[in-house]
Every structure is written in C-alpha cells, then in structure tokens.
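See structure below.
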2 protein chains.
Amino acid sequence: MKTIEVEIITIGDEILIGQIVDTNSAWMGVELNKQGFDIVQITSVKDNAEHITQAIDNALTRADVVLMTGGIGPTKDDITKQTLCKYFNTELVFSQAVYDNIEQLFKNRPNVMNPLTAAQAMVPKACTVIQNEVGTAPVTWFEKDNKVIVSMPGVPYEMKHNMTHHIIPRLQDHFKTANILHLTTLVYGIPESQLAIRLTDWENALPSHMHLAYLPNNGLIKLRLSGTGDDKARLQEEMQQRIEQLPDIIGEAIVAYEDIALEALLGKLLTQRQATVATAESCTGGNIAHLITSIPGSSNYFKGSVVAYANETKTNVLQVNPHDIEQHGAVSREVVEQMADGVRTLLHTDYAVATSGIAGPDGGTAEKPVGTIWIAVSGPNGTCSQLFQCGKLREQNINRSTQAAFFMLIQQIKRDIRG
Amino acid sequence: MKTIEVEIITIGDEILIGQIVDTNSAWMGVELNKQGFDIVQITSVKDNAEHITQAIDNALTRADVVLMTGGIGPTKDDITKQTLCKYFNTELVFSQAVYDNIEQLFKNRPNVMNPLTAAQAMVPKACTVIQNEVGTAPVTWFEKDNKVIVSMPGVPYEMKHNMTHHIIPRLQDHFKTANILHLTTLVYGIPESQLAIRLTDWENALPSHMHLAYLPNNGLIKLRLSGTGDDKARLQEEMQQRIEQLPDIIGEAIVAYEDIALEALLGKLLTQRQATVATAESCTGGNIAHLITSIPGSSNYFKGSVVAYANETKTNVLQVNPHDIEQHGAVSREVVEQMADGVRTLLHTDYAVATSGIAGPDGGTAEKPVGTIWIAVSGPNGTCSQLFQCGKLREQNINRSTQAAFFMLIQQIKRDIRG
C-alpha cells in the first residue's frame, strides 16, 4: 500500500521571529505518524501571500496532503484565506452555518460580534467547510488532482480539536488508509542502547507487519509497537501476545502498558487505591507538586507539599533531626527519609515522596558532585530511598530527579496493591 | 541597506515524527532578528540526501544565508556532511585541529575515542571549519555566489554556543551589517491593544531609524525598541531618552528595563535587599516555587514553600482559620491573606506570596467561575491581596496566576525599597 505523504505548513510572522515556538508541528507529527502517514517536511513561512503560495507549490511536488495552520484570524495581517482563494481561483462567499457557529460561541458575551468577527463567516466557494466547534475561524478543505490541502487555525487547542475530530478521520477515509494499531509500553531506568540489546531477539522475531520504535525522554522510554492488518481484532490479539513476552525480558523496568505521563499514572493508581500523597522537595523545588497538580482532579488525592529549600525548613517544618543534617549533610539517605516521613505525618497522607540533591551549577563537592540526588518514598509499609547520579545541568537534574521520584512512588504503590 | 535574508533548515527524522519539538529555530529566530537579519523560512526535513539537497536549493532561491542544524552526529543515519560534500562537489579530508579538539573533550573519559568519534575529524575540503569547543562535530561554513551556507550541530547547547560565539559575529562581519541596538522594557497588566493605543503618539514620534515591537506572553509584554546607527554610543543615548519618556505614559505597569524572566528579576531584587521569600500555593500547585528554584543560586533567598492543596493543609500547616474557609470559601481574600502571613511566619521569611483559585476544569460556580484567582503578598509593611479573573484552561490559569504572583511580589519589594 502506498504511503501517504504529508507536508505541514505553519504560517505566521511570530514563528519566524521566534516569538512563539511551533509546538503544533510536533503534535501533528506524532498524531499523523501514529495513523501511518509520513511527514516529509515542515515549513514555516510569514504572513505573506507570495511565500504562502510558493510553500504550497513546493509542498505539492512532494506530498499528497498539505496541512496548513495559522494566518486565519480576523485581523488584517492574516491573509491565508485570501491567498487560498487566489490559489484556487475562487471567491469568498457568506456561510450561514459558520455565522451561526460564531454567534453560538459568543452567546454569553454580548458586543463581541463585530464586522471583524463576522468576516470569519466568509469562506472560499471552492472548498469544503468544516465547522470549527471551538473557535470562530472555520477549517477549509480543498482538493486538487487527488491531493488534499487543508487550512486550519493555529491556536493549539483549536488545531488539536479539529485534527482529532475532523481532519485525521477524513484523511483516513479519503485515502482509505490501512488499519494501524499501536501498543505503547513505558520503560524506566534502562538506557536506550541496553534496552535495544536486551530486546534484539524479541524484535527480530516480530512479523513484517509489526514495527518497534524507541521514543526516549528524561530517562523514560516509550516502546511503541505498531502493526497493520485488515482484521483489527486479530491484529490487536497478535500484538498483545508479543507485548506479553516483555515482562520476562525487561521485568520491573516496565512502568505501564499505555502512553501516559507518570504524574497521570500516579493519579490513576492513587484513585484506584483511594490513597493520598504529599511531597517534600528540596532539589526539585516544587516541580513534582507542579506536575501532580497539572492533572485535573488531582485535589482528590494530593494534599500538598513542603518545598524545604533551607535546612531550617527541613528541621522546623518537616522535623528532620538537625544532628543528621550536620553529620550526613542535607543530601543524604538519613535526611531524605526523614523528609518523606515528616511530610507524610504533617499532611496525614498515605504516601509521600522526598527529594534532596545538588541541582547545580554550584554546591557540588568531590564526594557529592553536582547531580547527586537522594529520593525517598514513605508509605504504609515503610520507607525506602535510593541514590541517583544525574547530570551536570540544573534543568536536567530537576527534570530527571522528578521523573525518578514518580517512578519510585509508582513502583511502591504497585507493590502495595499486589500486597 | 539591504536586509540579509536567512533560511533555517533543521534536519532529523525525530523532528518530523514529533519526537522532539524544534526549539532551536525559535531561539535562532530571536537572536538573528535582534541582529537585524530577516528569517524568511524555517524548513524541517528528514535525514535524507535528496530532501536536504532540495531544501538547500529552494532556500538559496530566497535567502542570502542558509543555516542548517542537525544530522552531523557520528551514527550512520546522519548524512548531512556527506550530502554537503556532494552538493559542493568536494571530498572529505582529515582535520588535525578537529581531531585534537575531540581528544581534548574526551581527555577525562578513556575509551571514548573510537572509529565513529574519530570520523568526526573528517571534514569537507571546500569549507571553512569552525572549531566547536563544546562538542565533537565541527561547524562547517561554505560560500557560493556570495551566499553563505552553514552546517552546525542540532544539540541545543552546542548550537547556541556556536551561534553566539562564531556564526552571528562572522555573518555580521561577512555582510557588514549595521550596528543594531535593542532596549527592552517589560510591561505587565495592560492588554496589548490598550498598550498600543496609549503608546500611539510616542511610537509615531520615533525617528525612522528606530522601531518598536510588542512581544506578549502570559500577561507580560516585552516592548522592544530597536535602533540602527553608525555611532553606537550616540544611538544608545538617543534610544535611552525615548525610553525615559515611558514612565509618564504607562507608569507602574513597567516591571523592568531589561529582558528578564520575572523569577530572575525577583531573585535580583531579593539579593539586592538581602531579603528572603516563601510561597504558599493552592491553585498554582508549586509552580511559583518551581520557577523560583529554576534560577541558580536561589537557595540564597528562597527558604521554601507550602503547597496547600487540601483545606486541612491550609488550616493545620499555615494556620488559616477554618471558620474563614467555611464562611468565605478557600478562594477568598480572607484565606489567601492568611496563607501568605502563615507561610511567612512558619518559614521566617521577609516576604511571602500566596495563591488560591479555581484552576479548572471543575470546581467553578456561578459566583466563582473557573479562572477566579486570589493572590496575596505578605511583607514587612503588611499584607495586600488582589482578585484576578483568568481564563478557562487549567494550564493557562496556572501560568497566568504564577506571573501575576511574581508581579505583585516584585512591585511590593520595589515599593519597600523606595520606602
């Protein structure tokens, strides 16, 4: 089966001067790739008719599908719609459906409908209009020589909504793409190269309609097994059988059998167990709490956190023994375990995790260089701790120790659930 | 003077499948734009010789400079160097200088120099080699028909080092670009459209060699005044005079006269005043503490934080009166002020900031909809608080209220310094 080639064109001066980072393309790349589309190029151009036209022309020499984001707002610098009209030799016509959608969006905000917003209801005659339920600018879908050109909003949540609900399903239908399934296995604590060595035989034994990808990030590796086949149920079963062989090969390093952030997985486990958690953070400085609370509904299981940056905060609030700080240093097994126990007692939670380390760039010694991090988990069955040697960069040390803390906490809760 | 047009080409399969977000281009866009270069297009292509060649060809039809990142690692999927050799009809030759640089980088790590890393010392004959002090892959600089093509590493810190120390200065020299100066004024709390209206007369009165840009982000707006001129000292003085007119027009909304993150500005002010700070966070969930501690050296002024997500944490740890929570709700002036005072007392700091709000998506009511956020600052001269109405999205509410908290804290410390 022919691979469908996609080119993404992001439009907007703000991207080229670096005022915003183009995160849309990466999201689209992931989602399209999952559905078996091949992204040949990502192109960012200015709000300039000539550049936009040139980019479309170039894209059509390579790709079957051109997905354009941005440049369709109500202000005069946005010219994508006019440029597409000219490109497809068509004119703007009024769409009552789009107008009604805008009115609906603004129904609780009087005086917002003005000539600029109303102008959003003018759409190119030669396209299929896809209603954008979450914004005023409609998605427009053009076809030319069996190729598809789509223009959609650049606002990330509008783009994501429309890609998920409209554009990807329509592309699958238009090109009659093959069934593709993905099973993601999250692995923690094994470097990518070692993991690849351990999985060599397993990977070599995969049938030709299955493919494995390694997607590493901050110590976590997403193993994504993809498969294609006409019979979806059978494919799912076949792939599931392969996945079930993994625990014998990589054991406890498997964190989850789904593509999920560790903070979300923690939330699921705590909800399942009806348990609560708290954090006591030194080197991670509140980042663990920040990620836990980025999940909607986290107030059901997260009671709070003590960021104990100063030693006196560790002793006064978390009841760490000052003698232990003096004797072993703040970055030590003794102190981090007392921090975890301390915050668990203070906030009356079932679980707690604590971090104490040297994030850098200063504060390292020969004995405890920058990147030395102790992490402890306190729970109903006791307290355990572990030493990590992360890297030299402050940001990386904070991120890696945060992920390590989530991993330790998750493994402990799982062990407790298994009993 | 002719504007120098630049095109950026980022190379790597991992960008197109969305495994990494291309943040390099945005950084390069900002830095090149500051120096007066105009970025016409950003193109991301695969590690594929044909695509890379096509991208260079297309770029040279538009741009004077082509800056390429990525695809020059030691593994076999990286083919940019070979592709450039073919493109410029040249061959690879051994560079002793590059070899010595690699040896130097590895001098504390035996057994790292292997055939793959040594191969990094093979460079195209027809280019100028720029020594990369922070990585093994050298930067290569080609010239063709008075145009410049540069290939550099994709690793962000290597790219940034080489752009700053080598590539931008060489480009300025090669194209004899004009002196360009920027003065950034940080403004908070005025929407961009209103700010533009208030600055209309001031902006219209600017001489033709000065230009103003608005760069908004999470409620903060960077006003960047750029100027060109042969006499650098005089230009600086002229621009400074314009900036000194701003306080009369936009007053207290000015946060700083430099391009600085609010958490870094807070650190400077606290260091200057030799004062300490703590945070008590409900809706921001540790994000304020996380940003404070992202700054190296923050342990000198940051003592810690209590993330008080549960009401019992607010009452037990921060001594908020349970009666006030019952009567006014956790999201209220009464509670947020007690949180700020409570954490300041608990951690013995000079200043404290507290947040309590409804981040969403759940928890909103008719009276207090999602996005209702109270923020309080407690300091040596008392406690003040303010109500904010942010948006509907959880992430945005967390980010906006974090910035608002930094702004209130900074303004209070400044008022105290002025006495």
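The values are calculated or read from the model by the stated rules, or taken from the named source; none is laboratory data. Since the structure is predicted, the reported quantities are computational estimates derived from the model, not experimental observations. Reconstructed Cβ throughout: ideal geometry from the backbone, glycine too, with neighbour counts over all protein chains shown.
Data table
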{"item": "Residues of the stretch A:316-350 that turn out to be out of contact with any Pro (no Cβ under 8 Å at 6 or more places or on another chain) and touching a residue at least 40 places away in the same chain (Cβ under 8 Å), as a count", "result": "16"}
{"item": "Tally of residues being in a strand (DSSP E or B) and out of contact with any Cys (no Cβ under 8 Å at 6 or more places or on another chain) across the stretch A:373-401", "result": "12"}
{"item": "Residue match in the stretch A:363-373 (condition: farther than 20 Å from residue A:265 by Cβ, crowded, with 24+ Cβ neighbours inside 10 Å and assigned by TED's automatic domain parsing to the domain that holds residue A:274)", "result": "yes"}
{"item": "From the options A:331, A:343, A:370, residue that is farther than 19 Å from residue A:414 by Cβ, assigned to a helix (DSSP H, G or I) and either in contact with a Gly (Cβ under 8 Å, 6 or more places away or on another chain) or at pLDDT 95 or above (or both)", "result": "A:343"}
{"item": "Residue within the stretch B:140-159 that is within 22 Å of residue B:33 (Cα to Cα), at pLDDT 95 or above and part of a helix (DSSP H, G or I) present", "result": "yes"}
{"item": "Qualifying residues in the stretch B:50-84 (those that are at pLDDT below 95 and of a type in the set (A, V, I, L, M, F, W, C)) - the one farthest from residue B:8 (Cα to Cα)", "result": "B:79"}
{"item": "Test: residue in the stretch A:177-198 that is hydroxyl-bearing (Ser, Thr, Tyr), in a strand (DSSP E or B), in contact with a Gly (Cβ under 8 Å, 6 or more places away or on another chain) and not assigned by TED's automatic domain parsing to the domain that holds residue A:122", "result": "yes"}
{"item": "Which numbered condition residue B:276 misses (of (1) buried (at least 24 other Cβ atoms within 10 Å of the Cβ); (2) touching a residue at least 60 places away in the same chain (Cβ under 8 Å))", "result": "(1)"}
{"item": "Count of the stretch A:348-362 residues which are within 26 Å of residue B:295 (Cβ to Cβ), within 12 Å of another protein chain (Cβ to nearest Cβ) and of a type in the set (Val, Ile, Thr)", "result": "2"}
{"item": "Answer residue from the stretch A:257-274, given it is at pLDDT below 95 and touching a Lys or Arg at 6+ places or on another chain (Cβ under 9 Å) and is nearest to residue A:404 (Cα to Cα) among those", "result": "A:260"}
{"item": "Every residue from the stretch A:154-168 that is within 13 Å of chain B (Cβ to nearest Cβ) and hydroxyl-bearing (Ser, Thr, Tyr)", "result": "A:157"}
{"item": "Boolean, residue A:323 is out of contact with any strand residue (DSSP E or B) (no Cβ under 6 Å at 6 or more places or on another chain), within 12 Å of chain B (Cβ to nearest Cβ) and either farther than 22 Å from residue A:389 by Cα or not hydrophobic (A, V, I, L, M, F, W, C) (or both)", "result": "no"}
{"item": "Residue satisfying all of: in the stretch B:20-30; in a helix (DSSP H, G or I) and more than 15 Å from residue B:66 (Cα to Cα); farthest from the other protein chains (Cβ to nearest Cβ) among these", "result": "B:27"}
{"item": "Test: residue in the stretch A:291-311 that is surrounded by fewer than 18 Cβ atoms within 10 Å (Cβ to Cβ) and facing chain B (nearest Cβ under 8 Å)", "result": "yes"}
{"item": "Members of the stretch B:86-96 found to be more than 14 Å from residue B:141 (Cβ to Cβ) and either surrounded by 21 or more Cβ atoms within 10 Å (Cβ to Cβ) or not aromatic (Phe, Trp, Tyr) (or both), listed by number", "result": "B:86, B:89, B:91, B:92, B:93, B:96"}
{"item": "Selection count, the stretch B:38-85, where residues are within 24 Å of the chain's Cα centre (by Cα), surrounded by 22 or more Cβ atoms within 10 Å (Cβ to Cβ) and either outside the structural domain of residue B:127 (by TED's automatic domain parsing) or not aliphatic (A, V, I, L, M) (or both)", "result": "5"}
{"item": "Options B:297, B:285: the member that is at positive phi, in contact (Cβ under 8 Å) with a residue 60 or more places away in the chain and not hydroxyl-bearing (Ser, Thr, Tyr)", "result": "B:285"}
{"item": "Unique residue being within 21 Å of residue B:38 (Cβ to Cβ) and within 12 Å of chain B (Cβ to nearest Cβ) when the list is A:39, A:52, A:79", "result": "A:52"}
{"item": "Helices (runs of 4 or more DSSP H) within the stretch B:43-111 that include 2 or more residues farther than 23 Å from residue B:29 by Cα and touching a residue at least 40 places away in the same chain (Cβ under 8 Å)", "result": "B:80-87"}
{"item": "Selection within the stretch A:199-221 - crowded, with 17+ Cβ neighbours inside 10 Å and not small (Gly, Ala, Ser)", "result": "A:199, A:210, A:215, A:220, A:221"}
{"item": "Residues within the stretch A:1-21 that are at pLDDT 90 or above and either small (Gly, Ala, Ser) or within 15 Å of the chain's Cα centre (by Cα) (or both), tallied", "result": "1"}
{"item": "Subset tally (residues that are farther than 23 Å from residue B:414 by Cβ and assigned to a strand (DSSP E or B)) for the stretch B:346-358", "result": "2"}
{"item": "Checking residue A:105 against (1) within 14 Å of chain B (Cβ to nearest Cβ); (2) within 30 Å of residue A:11 (Cβ to Cβ); (3) aliphatic (A, V, I, L, M); (4) within 27 Å of the chain's Cα centre (by Cα), the condition it does not meet", "result": "(4)"}
